[in-house]
Structure formats: C-alpha cells, structure tokens
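Undergrad: If you scroll down you'll find the structure; I have some questions about it.
Computed from the coordinates by the stated procedures, all read-outs in this text should not be read as laboratory data. Bear in mind the structure is a predicted one, so any value in this text is a computation, not a measurement. All Cβ positions, glycine included, derive from the backbone under ideal geometry; neighbour counts span all protein chains shown.
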C-alpha cells in the first residue's frame with residue numbers, strides 16, 4: 001500500500017523520505033530503539049503518511065537495510081568527527097569585533113553603569 005504524494009527517494013546518500021530531510025535509516029534506528037508510530041512523527045517532524053511510507057519501505061527491504069546499517073553508522077560517526085574537528089579549529093580563531101559592535105557593547109556597558117548608579121541612589 002503506497003500513499004499518493006509521498007514516496008521513498010533513492011539518493012546517493014541512501015533512501016530518503018520525500019518532502020523531508022529524513023533518511024529511512026533514521027526511521028529504522030528510531031524504530032529499533034523502540035519509538036512508536038507517533039514518536040516517529042514527532043522526532044523526525046514527519047506527517048503520519050510519510051512515516052507510514054517509510055515503515056512500509058523498511059518492511060519490504062529490512063534485510064538489506066539492516067545489513068548496510070553498520071557501515072552507514074561508521075561513516076556517519078567519521079563525518080561527525082570531521083565536522084567537530086573543523087568547528088574546534090574555527091573556535092580557536094579570534095573573532096574581530098566590528099566598530100559598530102564595539103560601540104554597541106560600550107553603550108550597553110554605559111547603560112548598565114547608569115542603571116546601577118540610579119539604583120543605588122534610590123535605595124538610600
């Protein structure tokens with residue numbers, strides 16, 4: 001049973017649920033973790049029909065998907081390490097403040113000081 005409008009798209013990164021960024025592998029993993037139908041909709045921000053199409057695809061291709069899953073997870077973990085390393089390198093680069101931002105922060109500090117002074121006068 002297939003629903004009009006939603007389908008599984010075969011892409012170079014694996015089967016994806018149409019009109020979303022969700023991989024069938026994401027649904028499979030969530031299902032293996034024990035998430036129910038409603039949770040799959042909420043977790044992956046999918047419409048019930050999209051989840052139904054993905055579950056039907058999984059049932060039809062379960063053996064192949066489960067066989068490919070370990071390699072996919074290893075690739076995903078490597079990709080995560082790569083991007084975290086890039087983020088760590090970027091975090092080391094000092095951020096130069098624009099003159100406008102510097103003036104904004106100086107104004108904020110000046111206002112904070114004025115509020116503190118006015119607040120202390122009211123408490124006396």
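Undergrad: Counting only C-alpha contacts under 8 Å and six or more residues apart, can you give the relative contact order of the chain as a whole percent?
TA: Relative CO of the chain lands at 18 percent.
Undergrad: Peptides 53-64, 84-95, 33-44, 102-113: what's the order by average Cβ count within 10 Å, highest mean first?
TA: 53-64, 33-44, 102-113, 84-95
Undergrad: Could you work out [θ]222 nm for the chain from helices alone, using -39500 (n - 2.57) per DSSP H run of at least four and dividing by all its residues? Round to the nearest 500 deg cm²/dmol.
TA: -24000 deg cm²/dmol
Undergrad: Send over the per residue convex hull volume for the range 6-47, Cα only, as a whole number of Å³.
TA: Hull volume normalised by residue count: 62 Å³.
Undergrad: On to the next question. Output needed: percent of Cα pairs per 5 Å distance bin for the range 8-93, bins running from 0 to the one holding the longest distance.
TA: P(r) over the range 8-93, rounded to whole percents: 3, 14, 23, 20, 16, 10, 7, 5, 2, 0.
Undergrad: Rounded to the nearest 0.05, what FRET efficiency do residue 55 and residue 21 give with R0 = 25 Å and r taken as the Cβ-Cβ distance? Could you check?
TA: 0.90
Undergrad: On to the next question. According to a simple spin-label model (label point 7 Å from Cα along Cα-to-Cβ), what is the distance in nm between residue 108 and residue 83?
TA: Going by the 7 Å Cα→Cβ label model, 2.8 nm.
Undergrad: Tilt of helix 99-123 relative to the longest C-alpha principal axis of the chain, in degrees (0 to 90, nearest 10)?
TA: 60 degrees
Undergrad: Which angle from 0 to 90°, rounded to the nearest 10, does the C-alpha axis of helix 48-92 make with the longest principal axis of the chain?
TA: 30 degrees
Undergrad: Continuing with this model, one more query. Between residue 35 and residue 96, what is the FRET efficiency for a Förster distance of 41 Å, r being their Cβ-Cβ separation, to the nearest 0.05? Before the final figure, lay out each step's value.
TA: Numbers: r = 45 Å, r/R0 = 1.10.
Plugging the Cβ-Cβ distance into 1/(1 + (r/R0)^6) gives 0.35.
Undergrad: Rounded, prolate or oblate, given the Cα gyration tensor of the range 48-124, with a/c below 1.5 counting as rounded?
TA: prolate
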